[in-house]
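Beneath this line is the structure, given in structure tokens, with notes to follow.
The values are calculated or read from the model by the stated rules, or taken from the named source; none is laboratory data. This structure is a prediction, so every number in the text was calculated from the model and none was measured. As a convention, Cβ positions derive from the backbone with ideal geometry for all residues, glycine included, and neighbour counts pool all protein chains shown.
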Amino acid sequence: MCCRTDLNPMSEGRCLSLHWATCEQIWNSDYLRSVRSQMLAGEKIPDCSQCYSTEADGGTSLRQIMNTQAEQLWRVSGEEGILDKATAIVREGGKAPPPSALHLWLGNLCNLKCRMCSPMFSSQIAADPIQAQWFGDRIRAEILLPVYLDEVKYTGLGELTRRGEKLTRPVKRGKVTISLPANGAAIDLIEISGWKNCHQPCYLSVMAGKRAIARQLLSDGQWQIAIELAPTEEAISSLELSLHFLHLLQPQSLLSNYQGEQICSWGLQPCIDIDNLRIVSQKKSDKGQEREILSRIPENTQWSSNEKLVFEEILAHPESLNLLLFAGGEPLIHPMFPAILKKLIDTDHAGHISLYISTNGTVYNRRLSEMLKQFLSVELAFSVEGIGQLQEYIRYPSRWERIARNIPHSAPSTVT
Ligand code: SF4
């Protein structure tokens with residue numbers, strides 16, 4: 001899906017992300033399969049409402065622009081029958097072939113801090129303590145329970161069961177541990193809820209490593225606890241989180257069922273279960289680089305900094321590509337940008353790939369120009385709102401003189 005969609009594509013209750021799923025898993029996820037089926041059936045996709053609304057207002061939507069571009073590309077590359085092939089694959093429920101166009105948003109590395117931009121797109125703004133605050137912090141959340149996540153280690157919980165509408169997991173012997181990988185963002189909030197079946201008083205103590213972070217008497221029936229962590233507290237994400245359920249009466253009054261779950265002497269169901277454990281982060285690291293709470297990418301970096309991910313997953317099928325779109329940040333200063341171009345040139349794929357590059361125009365050089373000439377076609381879109389001092393005010397600290405020099409130098413690329 002593209003940058004205009006309203007919602008983040010979800011799968012298994014999580015936003016589809018390279019931080020936990022492979023490119024192939026995302027490309028053939030239930031979400032994208034259902035989008036393809038709906039599109040081929042001529043149904044409207046709720047997440048594409050911005051484009052439908054532009055069209056209803058008499059405008060030309062990004063959806064229409066991209067459809068026209070795709071038709072042109074298929075014609076140029078002699079692949080006019082591709083839509084029929086795709087239709088047959090979707091109808092048969094098969095896996096989609098590798099993508100023919102990729103929009104690579106290389107992350108927020110940028111040399112400018114434009115007035116209207118945000119930390120998400122500009123590393124300069126993310127590192128600016130004042131301008132970064134204009135936009136607030138980005139909230140990230142992960143639901144660790146009741147459904148297990150692959151990246152997390154759990155002990156002390158029973159099988160996933162259903163209580164009414166909710167999925168839950170029973171607490172087996174009064175102690176649950178949840179170990180998160182050690183490279184996540186700092187956690188600000190932990191929310192836990194569940195159900196208590198017995199009438200024995202029971203405390204829940206929550207520990208982060210050896211540090212007690214909360215203690216609460218659980219109410220009978222539905223219980224919940226929200227733990228706000230002080231900004232100065234050490235990041236929880238690298239630690240083991242343990243939940244201790246302490247019954248105040250004699251342990252003899254508790255029995256175990258055949259699954260090893262604690263049950264009350266007068267009941268047949270497990271004493272306690274957990275139906276939700278959610279952790280929330282809204283802090284940034286000291287360097288302004290946003291970190292995910294859980295990430296399969298080594299060092300928890302942006303995907304575009306990881307060569308293995310870029311070349312072995314995202315660009316694993318260069319033979320299928322006919323269009324690459326680059327945006328940032330400023331893609332022309334990103335180290336991965338020339339690395340991608342070089343790889344496509346060295347492997348003889350540049351000749352069948354068109355490029356569309358969105359740039360702020362502050363950077364252009366002969367070496368880049370030589371590389372771009374190897375591609376089927378190149379379109380450079382310069383983000384410029386004014387000339388002279390107006391441009392310099394909006395796109396601080398750019399210099400108009402330099403941009404004005406770079407634009408004609410970029411010819412013979414198509415300039416928009
Ligand atoms: S050049 Fe683009 S990415 Fe960089 S600060 Fe300006 S608008 Fe944001």
Given the options GLU55, GLU79, GLU24, name the one that is assigned to a loop (DSSP other than H, G, I, E, B), of a type in the set (D, E, K, R), surrounded by 12 or more Cβ atoms within 10 Å (Cβ to Cβ) and out of contact with any strand residue (DSSP E or B) (no Cβ under 9 Å at 6 or more places or on another chain). GLU79
Give the range 130-146 a look and list any residue that's farther than 19 Å from SER281 by Cβ, exposed (fewer than 15 other Cβ atoms within 10 Å of the Cβ) and away from the ligand (no atom under 13 Å from the Cβ), or say none. ILE130
Residue that is nearest to the ligand (Cβ to nearest atom), among those in the range 326-349 that are small (Gly, Ala, Ser) and surrounded by fewer than 22 Cβ atoms within 10 Å (Cβ to Cβ): ALA327
Within the range 384-397, restricting attention to residues that are under 30 Å from the mean Cα position of the chain (by Cα) and surrounded by 16 or more Cβ atoms within 10 Å (Cβ to Cβ), which residue is farthest from the ligand (Cβ to nearest atom)? VAL384
I'm checking my understanding of the structure. Among residues of the range 82-112 that are within 16 Å of the ligand (Cβ to nearest atom) and more than 23 Å from the chain's Cα centre (by Cα), which one is surrounded by the fewest Cβ atoms within 10 Å (Cβ to Cβ)? ASN111
ILE340 vs. criteria among the hydrophobic types (A, V, I, L, M, F, W, C) and under 18 Å from SER410 (Cβ atoms): no
Hand me the list of strands (runs of 3 or more DSSP E) wholly inside the range 104-216 holding 3 or more residues that are in contact with a His (Cβ under 9 Å, 6 or more places away or on another chain). 202-208
With respect to TYR31, determine if the residue is at pLDDT below 90 and out of contact with any helix residue (DSSP H, G or I) (no Cβ under 7 Å at 6 or more places or on another chain). yes
Please identify the pairs in which a residue from the range 93-119 that is in the same structural domain as ILE333 (by the TED database) has its Cβ atom under 8 Å from the Cβ atom of a residue that is modelled with pLDDT of 95 or more and of a type in the set (Asp, Glu), counting only partners at least 6 apart or on another chain. LEU109/GLU330; CYS110/GLU330; ASN111/GLU330; LEU112/GLU330
Filter result for PRO119 (away from the ligand (no atom under 16 Å from the Cβ) and at pLDDT below 90): no
How many of the residues in the range 250-298 are at positive phi and modelled with pLDDT of 85 or more? 0
